[in-house]
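Let me begin by presenting the structure, written as structure tokens, before commenting on it.
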Amino acid sequence: ENRNDWNEAERLLVSIAALCNDSYINEDKQEIGDPTEIALINFANKHGQDYEVLRQKFPREAELPFDSDRKLMSTVHTIDGTRMLLAKGGP
């Protein structure tokens, strides 16, 4: 299902899920990484936002890895001319 009818906020949310993420699918179609992160890139792929294309278009400029004290991972990307800090993690 390709979701071309998503609004800008929905597209950005899926992009963040794929960009602030260390998992990947190798050339043998093996899913490598945390199961939750793999689910996020599969969701992006399933809905017409190829995670590899997103990562090429908006490369990671900086990163704060997941930290158990912060319960967050943060990455920096320039999206549509705006430098953004993306974060994902627990409540």
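The values are calculated or read from the model by the stated rules, or taken from the named source; none is laboratory data. Note that the structure is a prediction, hence the values are computed from the model and not measured. Virtual Cβ from ideal backbone geometry, glycine too; neighbours counted across all protein chains shown. Areas reflect the complete protein model, heavy atoms only, side chains present, ligands, DNA and RNA absent. Shrake-Rupley method; radii C 1.70, N 1.55, O 1.52, S 1.80 Å.
Which residues, taken from the range 22-35, are open to solvent by less than 60 Å² (accessible area, probe 1.4 Å) and either of a type in the set (S, T, N, Q) or closer than 21 Å to MET84 by Cβ (or both)? SER23, ASN26 - these are the residues of the range 22-35 that are open to solvent by less than 60 Å² (accessible area, probe 1.4 Å) and either of a type in the set (S, T, N, Q) or closer than 21 Å to MET84 by Cβ (or both). In summary, LEU19 fulfils each of the numbered conditions (1) crowded, with 17+ Cβ neighbours inside 10 Å; (2) touching a His at 6+ places or on another chain (Cβ under 9 Å); (3) free of Cβ contacts under 8 Å to residues at least 60 places away in the same chain with the single exception of condition (3).
When we screen MET73, MET84 for residues that are in a strand (DSSP E or B), free of Cβ contacts under 8 Å to residues at least 12 places away in the same chain and open to solvent by less than 80 Å² (accessible area, probe 1.4 Å), the only hit is MET84.
For ILE38, the conditions (1) in a helix (DSSP H, G or I); (2) surrounded by fewer than 14 Cβ atoms within 10 Å (Cβ to Cβ) are fulfilled apart from (2). Annotation note: Cβ proximity below 6 Å between a residue of the range 27-42 that is at pLDDT 95 or above and a residue that is of a type in the set (A, V, I, L, M, F, W, C) and not in a helix (DSSP H, G or I) (sequence gap 6+ or interchain) occurs for GLU31/ILE25.
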